[in-house]
Amino acid sequence: MISVQSLRVEFGARVLFNDLAFSVQPRERIAFAGHNGAGKSTLMKCVAGIIRPTAGQIHAPKGTRIGYLPQEGIHVKGRTLWQETESAFGETMALSEKIDRLSNELVKLDPRSSPYGDLLEEIGELELLLDATDPARMKPRIESVLKGLGFQQKDFVRDCSEFSGGWQMRIAMAKLFLQEPEVLLLDEPTNHLDIGTQIWVEQYLINYPGAILLISHDRALLDTLCTRTIAFSHGRAEEYAGNFSYFERESVLRKEIRVKQYTAQQREIAETQRFIDRFRASANKATLVQSRIKLLAKVERIPAPEQDDAVMNFKFPPPPNSGHTVAKLEGVSKSYGPLNIFSGFDFEINKGEKFAIVGPNGAGKSTFCRMITAQEEPDAGTHNFGHKVACSFFSQNHADELDPNLSVLETVEAAASRESMPHARNLLGCFLFRGDDVFKKIGVLSGGERSRVALVCMLLRPANFLILDEPTNHLDMQSQDVLQRALIDYPGSVMIVSHNRTFLDALVSKTLEFRPGEQPTLYAGNITYYLEKSAEDEAAKKGIAPRLATLGTAAPANGSLRQSVPGVNRKEQRRIEAEQREIRSKVLKPLETEFTALEAKIAELEAAQATLTQQLSSEETSNNPGKLREVTNAVDKLAKSLEVSYTRWGALSEEIERLRTKHGIEA
């Protein structure tokens, strides 16, 4: 469908990629992977025809429609939402309008005349074309897509200019989905979507009839959707025949193979060079020396393996100690005019708890965050902080409050405490500010870069209660991993507003869901648990599940959070399940990861041992004392490594089994 041949893109002296070649087949799903700035968006713009490559060609069959959704920058006004999305069916609407115009002309003609017959025949042909586009499905399709993307019926008549940037991107996405181009190019499509809408988009894309090229930092979406991955790094692009998780595993293996091949070749080259240097002046070895020189000249050198980008880690400064209760809301109510956010609402967060805050845009998540941090007063009810609670709040608005005249480093150092000051430069590197980037003025940074600076400033302040509003929106996967690991180890309390399922799942143990016009609902588990239970509750409400009476309940009269499943036994069971997930995440998962890696290492060592043992028995080795000694030493070294690995393998196996038995967790 699309063929990319010998593509090269460079900006000044920097080469993003060179000699890139790949093809896109019908209905393929291809992910572009790599850190920010590696060239993913640039390649997508090349395929879309927005940027001309430095060299190479991109071919597509005549008539192939390519639809492109950029990360940002789309703003529509002067049309209602319905009119804008309806324009996706421009060809259908043009046919319909032409038929109406010709029909009006037809009534003015004499039915016995030749022009009448010709015009009638033309209208008939146009109606056949119109039937092929199925105009009867146009309205229900528009409604289905708009509602799937989170729009309500009342939004259909609103002018597009009334919608914010995130909703503008949804409008553009709706048009693309309705147009159904043969190739769909999506650059971070889930950035502005809540979890429910993400699930809908994921399902829509799974069933999409065309090919999809996708850039995303959402691991769950990449793993579910994509079957090929093109990874960009150090000016190179490599293909992987699998999803993102496959790419992560396979890329490590490829790097190991390249290092081994390079090391072996360098050893051979050094041996050959030593022979040449030793016997260059010897007359009776002249023929052999010349032969080795020619052989060395013909060797196709394997390039030196590139150094991986340094994986930096960050740990929060030790937070000040606090009391058991961190923050408490009792009977609070909040409204904006006729819009009621919540009423008679009770909530409490305790020391060390980690909450995910989820729900559609406009449901009250940000209002709740401002209220729990005492930045906004409730209309009724009380808010209390616990003993010695130090709160730190990150919101997207904080990026706009930074001084544009200060450099990145000056801004961060001004926000850091004395204890965290030594970590400022390292933390900036974790969040993509490296080298001279730290000396850039805030005023020249993009919105995403300013948000990352604001996040770094917040993380360097000593606090025992963190509230993070969409912290991963402008982070690549490496930076997300750094932040996730730091938050998992953080001993304080955390509340995170995010739609990043992979980021939240390993981190949180409770999920608080907001829905417009409803009381917030607490789920005693992570995002996977929340999605499963909320789906059961929705099915129960619609009468699909047989145990309707046991699967949901209305909010109690006192306004407390309703549990997704009532009853003492079920509540206790959920507590046990939550504890098991926490144990698996914090204790079992690291052990299981080490166990899997150790098994792979043992297999590699055993294979190497078999190879060396075979060499020992060969005639070439036994007749060469130097080589025999070298191989024997290598076998002894491998045997010791294997013995250590076997001992650790046994200890790990016993520890994992003990923990599983103790906590009733199945393998």
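The values are calculated or read from the model by the stated rules, or taken from the named source; none is laboratory data. Fair warning: this is a prediction, and the values are worked out from it, not measured in the lab. Positions of Cβ are backbone-derived with ideal geometry, glycine not excepted, and every protein chain shown enters the neighbour counts. The accessibility values were calculated without ligands, DNA or RNA, using every heavy atom of the protein model including side chains. Shrake-Rupley method; radii C 1.70, N 1.55, O 1.52, S 1.80 Å.
Of all residue pairs spaced 6 or more apart or on separate chains, those with beta-carbon atoms under 8 Å, a first member in region 115-128 that is closer than 14 Å to residue 98 by Cβ and a second member that is open to solvent by 50 Å² or more (accessible area, probe 1.4 Å) and not in a helix (DSSP H, G or I) are 119/109.
Residue check: is residue 381 open to solvent by 20 Å² or more (accessible area, probe 1.4 Å) and part of a strand (DSSP E or B)? Taking the combined requirement at face value, the residue satisfies it.
Quick one: which strands (runs of 3 or more DSSP E) sit completely within region 1-95 and have at least 1 residues that are at positive phi and small (Gly, Ala, Ser)?
Numbers: elements: 2-11, 14-24, 29-33, 55-59, 66-69.
Passing ranges, in order: 2-11, 55-59.
Can you tell me which residues in region 35-60 are more than 26 Å from residue 72 (Cα to Cα) and open to solvent by 60 Å² or more (accessible area, probe 1.4 Å)? Matches in region 35-60: 57, 59. When the residues of region 1-29 are narrowed to those that are basic (Lys, Arg) and in contact with a strand residue (DSSP E or B) (Cβ under 9 Å, 6 or more places away or on another chain), which ends up most open to solvent (accessible area, probe 1.4 Å)? Here the residue is 27.
Table: residues versus (1) exposed (fewer than 14 other Cβ atoms within 10 Å of the Cβ); (2) of a type in the set (D, E, K, R); (3) closer than 28 Å to residue 370 by Cα.
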position	(1), (2), (3)
401	yes, yes, yes
413	no, yes, yes
422	yes, no, no
429	no, no, no
435	yes, no, no
441	no, yes, no
444	yes, no, no
451	no, no, yes
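The set of residues in region 234-282 that are closer than 23 Å to residue 44 by Cβ and of a type in the set (Phe, Trp, Tyr) comprises 240, 244, 246, 247. Report whether or not residue 185 is crowded, with 21+ Cβ neighbours inside 10 Å and not in a loop (DSSP other than H, G, I, E, B). It is true that residue 185 is crowded, with 21+ Cβ neighbours inside 10 Å and not in a loop (DSSP other than H, G, I, E, B). Could you give every pair whose Cβ atoms fall below 8 Å, whose first residue belongs to region 632-648 and is within 22 Å of residue 594 (Cβ to Cβ), and whose second residue is among the charged types (D, E, K, R) and open to solvent by 40 Å² or more (accessible area, probe 1.4 Å), counting only separations of at least 6 or pairs across chains? Sorted first by the residue in region 632-648, then by its partner, the pairs are 642/606; 645/601.
Among the residues of region 320-354, those identified as surrounded by fewer than 21 Cβ atoms within 10 Å (Cβ to Cβ) and within 12 Å of residue 493 (Cα to Cα) are 320, 321, 323, 324, 325, 348, 350, 351, 352, 353. Residues in region 431-448 that are in contact (Cβ under 8 Å) with a residue 40 or more places away in the chain and in contact with a Leu (Cβ under 8 Å, 6 or more places away or on another chain) were compared, and the one that is nearest to residue 415 (Cα to Cα) is 442.
Residue-level analysis places residue 482 among those that are of a type in the set (Val, Ile, Thr) and out of contact with any strand residue (DSSP E or B) (no Cβ under 9 Å at 6 or more places or on another chain). Looking at this structure, is residue 32 buried (at least 17 other Cβ atoms within 10 Å of the Cβ), in contact (Cβ under 8 Å) with a residue 40 or more places away in the chain and under 30 Å from residue 475 (Cα atoms)? Yes, satisfied.
Check residue 362 against each of (1) open to solvent by 60 Å² or more (accessible area, probe 1.4 Å); (2) under 16 Å from residue 340 (Cβ atoms); (3) at pLDDT 85 or above and name the one condition it does not meet. Unmet condition: (3).
Taking the criterion of being open to solvent by less than 20 Å² (accessible area, probe 1.4 Å) and more than 26 Å from the chain's Cα centre (by Cα), would at least one residue in region 468-487 satisfy it? No, region 468-487 has no match at all. Scanning region 244-273 for residues being closer than 30 Å to residue 217 by Cα and among the hydroxyl-bearing types (Ser, Thr, Tyr) gives a total of 3.
Here is a yes/no grid of residues against (1) open to solvent by less than 20 Å² (accessible area, probe 1.4 Å); (2) modelled with pLDDT of 85 or more; (3) among the hydroxyl-bearing types (Ser, Thr, Tyr); (4) under 21 Å from residue 346 (Cα atoms):
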{"residue": "516", "(1), (2), (3), (4)": "no, no, no, yes"}
{"residue": "519", "(1), (2), (3), (4)": "no, yes, no, yes"}
{"residue": "529", "(1), (2), (3), (4)": "yes, yes, yes, no"}
{"residue": "555", "(1), (2), (3), (4)": "no, no, no, yes"}
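Filtered by the rule that a residue be open to solvent by 10 Å² or more (accessible area, probe 1.4 Å) and within 24 Å of residue 33 (Cβ to Cβ), region 167-180 gives 169, 172, 176.
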